[in-house]
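Encoded as structure tokens, the structure appears first; notes follow it.
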Amino acid sequence: MGDAMELGTRKAVAQLLVMQPALPGSAPRGCGSKGGSGKPSCGSAAGQGDLSPEIWNKVKNHPCYSEEAHHHYARMHVAVAPACNIQCNYCNRKYDCSNESRPGVVSERLTPEQAARKVLAVASSIPQMTVLGIAGPGDPLANPEKTFRTFELVTKTAPDIKLCLSTNGLMLPEYVDRIQALNIDHVTITINMIDPEIGAKIYPWIYYNRKKYEGVEAARILSERQLLGLEMLTERGILCKVNSVMIPGVNDHHLAEVNRAVKSRGAFLHNIMPLISAPEHGTVFGLNGTRGPTAQELKALQDSCEGEMNMMRHCRQCRADAVGLLGEDRSNEFTTEKVMVMDVHYDLEIRKAYRENVERQRTAVVAARNEELKTLAGTDSDISILIAVASKGGGRINQHFGHAKEFQVYEVGTTGAKFVGHRRVDNYCQGGFGEEESLETVVRAINDCAAIFMSRIGNCPREGLLKAGIEPVDRFALEYIEQSALTYFREYLERVRSGEIEHRQRGDADIRQGALIAT
Ligand code: CLF
Ligand code: SF4
């Protein structure tokens, strides 16, 4: 029986390895320390970098804490926490918590026992799932028993899964010891202000110690509790990410100050997310016409905050029951109904084999990038360009233009290629036919990009993109993204020098508001 099981495991591992592309047997060569903008890049974006082995071990398989990991590893959320203790003006309680989810989606509520079963089912089917997050649909710490019970159950049955928690921070100081005792070593706090006057424009009320507080007083209490909770966590060595929603006209000029405040208290990563605001969400900001930032406004703020602190730029504002790689949502495959009748074979060996294979892939990606970067050494140019990429993951250009629901955006310059964001779009291919309207939305979403990489593209969208001044490129199909971006950039500079093309600053781009309503 032991042999039969071993044989089963070996077969499964072999199948898994077949799913992965073959790798060149290259040795690690370290990682580039500069991004496309020429600013220092962070360990979270570029690999281990100067992170200590202890921190690297905590982040290397976490798709949110490591930009590089998000190409390979998946997270899942379980929606066990329905209640909330504050009100944010970008939130409509009919939907999930907008601090870590996009507005306009409703998640299926679960009991801790249902949630634990779902985690096992997903981990059995998706070996790249490494992190369980609880992020709503309300605030996890306004529902402490359900939240901690879920984590306890999962720790017992799936010990290799990292635990992650996202909170508005109001109750955080009360639960820091419990968080530590449960080995929850990743905590996100949403901090949108440290100035209560600004806070009063974001939070109409909070409910704290059985009392409702309003306006500036509410914001002052919330801010004090958030910063205290952050300090307590970082003193205990728990990795903290801070989320901030960028709200133009409300806190956009204040977030650099927030960045300094959270950095000085030991936050590891700062994730500045765009406000998603539309009248149909029924939120205060949606109804009073407060707009979200444009793509370039968001990027400028993220760039200005990037220094010693790592900035997260790959957040997908995912729903409270999201499952899969960050750019995909497989929650429909794991509804309670389906999970309850699923055959669950949680196999640590298969999961370990997957991770080992991913590590080999990551090494190959870094080696290929560094090799290509050498060809730009000594090149003197201030030019940098943005390139959009259609990718299904693995760090490769492996998606058909018409099938993409988002494009990853890289900034490329003589110092490297750096992931700087993603743009969600409607599929161009709908029922086998391209849609002219969809092409317009794609062009608006990547209007600041000079080129777009994909594995394949049809003639109509190719012509439409060229007309908009964006070069469609399919010659790097299935190749690594960063290596290809650097090759393209080197040739781009040569074409500019020879006069074949003229380099122009491109315009701004939209962050889609409406598309985020769809699941
Ligand atoms: Fe979930 Fe959040 Fe943990 Fe990630 S999400 S609880 S840290 S496992 Fe990630 Fe999703 Fe952005 Fe959150 S992409 S919304 S940052
Ligand atoms: Fe909504 Fe989340 Fe804010 Fe609570 S913390 S009001 S659930 S966005």
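The values are calculated or read from the model by the stated rules, or taken from the named source; none is laboratory data. What you see is a predicted model, and the numbers here were worked out from it, not measured in a lab. Cβ sites come from the backbone with ideal geometry, for glycine too, and all protein chains shown count toward neighbours.
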>> Quick test of your reading of the structure: residue 158 fulfils all but one of (1) away from ligand 1 (no atom under 14 Å from the Cβ); (2) at pLDDT 95 or above; (3) surrounded by 17 or more Cβ atoms within 10 Å (Cβ to Cβ). Name the failing condition by number.
In response: (2)
> Looking at the range 59-90, which of the residues that are more than 24 Å from residue 125 (Cβ to Cβ) and polar (S, T, N, Q) is surrounded by the most Cβ atoms within 10 Å (Cβ to Cβ)?
Replying inline: 89
>> For residue 372, only one of the following conditions fails: (1) over 20 Å from residue 449 (Cα atoms); (2) surrounded by fewer than 16 Cβ atoms within 10 Å (Cβ to Cβ); (3) touching a helix residue (DSSP H, G or I) at 6+ places or on another chain (Cβ under 7 Å). What is its number?
In response: (2)
> Can you find a residue in the range 484-499 that is more than 17 Å from residue 439 (Cβ to Cβ), under 29 Å from the mean Cα position of the chain (by Cα) and either modelled with pLDDT under 95 or among the aliphatic types (A, V, I, L, M) (or both)?
Replying inline: yes
> So, of the residues in the range 182-195 that are farther than 20 Å from residue 113 by Cα, touching a Cys at 6+ places or on another chain (Cβ under 9 Å) and not in a strand (DSSP E or B), which turns out to be farthest from ligand 2 (Cβ to nearest atom)?
Replying inline: 185
> If you go through the range 108-127 one residue at a time, do you hit one that is at pLDDT below 95, within 13 Å of ligand 1 (Cβ to nearest atom) and not in a helix (DSSP H, G or I)?
Replying inline: no
> Can residue 142 be described as more than 16 Å from ligand 1 (Cβ to nearest atom), among the small types (Gly, Ala, Ser), over 20 Å from the mean Cα position of the chain (by Cα) and farther than 18 Å from residue 61 by Cα?
Replying inline: no
> So which residues in the range 339-377 are among the acidic types (Asp, Glu) and under 30 Å from residue 416 (Cβ atoms)?
Replying inline: 356, 359, 371, 372
> Pairs under 8 Å by beta carbon, first residue modelled with pLDDT of 90 or more in the range 366-385, partner crowded, with 20+ Cβ neighbours inside 10 Å and acidic (Asp, Glu), six or more apart or different chains?
Replying inline: 368/482; 369/482; 372/482; 384/411; 385/411
>> Any residue that is without any contact (Cβ under 8 Å) to a residue 24 or more places away in the chain, more than 14 Å from ligand 2 (Cβ to nearest atom) and more than 20 Å from residue 222 (Cα to Cα) - is there at least one of those in the range 127-148?
In response: yes
> What is the one condition in (1) touching a residue at least 60 places away in the same chain (Cβ under 8 Å); (2) under 29 Å from residue 94 (Cβ atoms); (3) outside any loop (DSSP other than H, G, I, E, B) that residue 360 does not satisfy?
Replying inline: (2)
>> Going through 271, 251 one at a time, which residue ends up being in contact with a strand residue (DSSP E or B) (Cβ under 7 Å, 6 or more places away or on another chain) and within 16 Å of ligand 2 (Cβ to nearest atom)?
In response: 271
> Does residue 286 satisfy the condition of being farther than 25 Å from residue 59 by Cα and buried (at least 18 other Cβ atoms within 10 Å of the Cβ)?
Replying inline: yes
> So, of the residues in the range 295-335 that are polar (S, T, N, Q) and buried (at least 18 other Cβ atoms within 10 Å of the Cβ), which turns out to be farthest from ligand 2 (Cβ to nearest atom)?
Replying inline: 310
>> Just to be sure before I move on: is residue 291 of a type in the set (Lys, Arg), in contact with a Leu (Cβ under 9 Å, 6 or more places away or on another chain) and within 16 Å of ligand 1 (Cβ to nearest atom) in the structure I sent?
In response: no
>> I need a count of the residues in the range 151-181 that are part of a loop (DSSP other than H, G, I, E, B), within 16 Å of ligand 2 (Cβ to nearest atom) and of a type in the set (A, V, I, L, M).
In response: 2
> When residue 277 is evaluated against the numbered criteria (1) over 17 Å from residue 93 (Cα atoms); (2) touching a Lys or Arg at 6+ places or on another chain (Cβ under 7 Å), which criterion, by number, is the only one it fails?
Replying inline: (1)
>> Against the condition more than 14 Å from ligand 1 (Cβ to nearest atom), part of a strand (DSSP E or B) and surrounded by 16 or more Cβ atoms within 10 Å (Cβ to Cβ), how does residue 198 come out, does it pass?
In response: no
